[in-house]
Amino acid sequence: MTQPNPKTARSLAEALQKACSDLVSEIVEFRGECSLTILDKSKVHEVCQVARDTLHFDMLTDVSSVDHYGDDPRFEVVYELYGMEHHAYLRLKVRVEEESCELPSVTSLWRTADWHEREIYDMMGIRFSGHPDLRRILMWEGYPYFPLRKDFPLEGKPTDLPETAFTDRAPLEGGPFVTTAGKQNVSQREPRAKAFEPED
């Protein structure tokens with residue numbers, strides 16, 4: 001009979017909190033998943049290195065970003081970690097101000113961070129210092145906007161730039177899951193347009 005694994009997500013989160021007591025928040029647990037917020041964005045690499053080297057979170061399964069438009073700090077970057085040894089998951093979060101939109105790269109810890117960080121830079125405009133090749137991955141070089149920011153309209157923005165693939169609006173029209181059917185154009189289908197519709 002195999003012994004149960006004592007390294008649960010909660011116990012590992014507690015170990016990280018103990019090892020980085022001044023750098024991370026209290027543990028937030030929801031439906032068996034544990035999250036910690038890194039309090040100082042300059043310490044992202046340091047906290048992640050403890051998670052990898054000491055607690056054996058040897059896989060970075062995802063890095064994503066959130067735009068909390070209207071809040072300060074505006075942005076949040078979320079790291080999803082997994083350990084092959086203990087089969088536990090851990091979520092690390094860090095908030096980033098719009099004015100100084102930059103974090104340390106974790107590509108030296110997990111190579112899989114390479115494209116994740118490039119996509120976040122391309123779509124949200126958050127830079128990663130120390131990244132070996134930080135350039136756009138979906139939009140073309142020279143494109144001046146960040147399409148996943150909440151203030152970017154679903155109909156796109158004019159891109160009057162010479163020698164680019166498009167000189168009209170950017171081809172990023174969203175889809176039926178975020179728009180209202182039956183309107184004449186994309187701008188009238190956006191969720192924000194509902195606030196301006198006259199009542200019957």
Matching residues in segment 115-145 (surrounded by 18 or more Cβ atoms within 10 Å (Cβ to Cβ), within 12 Å of Val63 (Cα to Cα) and among the acidic types (Asp, Glu)) number 1
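Residues are listed down the side, and each one gets a yes or a no for (1) farther than 27 Å from Leu103 by Cβ; (2) assigned by TED's automatic domain parsing to the domain that holds Glu102; (3) at pLDDT below 75; (4) in contact with a helix residue (DSSP H, G or I) (Cβ under 9 Å, 6 or more places away or on another chain):
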| site | (1), (2), (3), (4) |
| --- | --- |
| Ser129 | no, yes, no, no |
| Pro158 | yes, no, yes, no |
| Leu172 | no, no, yes, no |
| Thr180 | yes, no, yes, yes |
Reported set for segment 113-130 where residues are free of Cβ contacts under 8 Å to residues at least 24 places away in the same chain, acidic (Asp, Glu) and farther than 18 Å from Pro144 by Cβ is Asp114
Only one of Arg91, Arg118, Arg111 is modelled with pLDDT of 95 or more, farther than 24 Å from Glu33 by Cβ and under 13 Å from the mean Cα position of the chain (by Cα), namely Arg118
Output for Cβ contacts, cut-off 7 Å, separation at least six or different chains, first residue assigned by TED's automatic domain parsing to the domain that holds His45 in segment 90-107, second of a type in the set (A, V, I, L, M) and surrounded by fewer than 19 Cβ atoms within 10 Å (Cβ to Cβ), reads Arg91/Val78; Lys93/Val78
Going through segment 27-45 in order, the residues found to be surrounded by fewer than 16 Cβ atoms within 10 Å (Cβ to Cβ) and within 24 Å of His87 (Cβ to Cβ) are Val28, Glu29, Phe30, Arg31, Gly32, Glu33
Exactly one of Ser42, Ser35 is closer than 22 Å to His131 by Cα, of a type in the set (Gly, Ala, Ser) and under 17 Å from the mean Cα position of the chain (by Cα), and that one is Ser42
Could you go through segment 58-71 and let me know if any residue there is in contact (Cβ under 8 Å) with a residue 12 or more places away in the chain, surrounded by 18 or more Cβ atoms within 10 Å (Cβ to Cβ) and aromatic (Phe, Trp, Tyr).
no
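The values are calculated or read from the model by the stated rules, or taken from the named source; none is laboratory data. Given the structure is predicted, the values throughout are model-derived calculations rather than measurements. In this analysis, Cβ positions are derived from the backbone assuming ideal geometry, glycine residues included, and neighbour counts consider all displayed protein chains.
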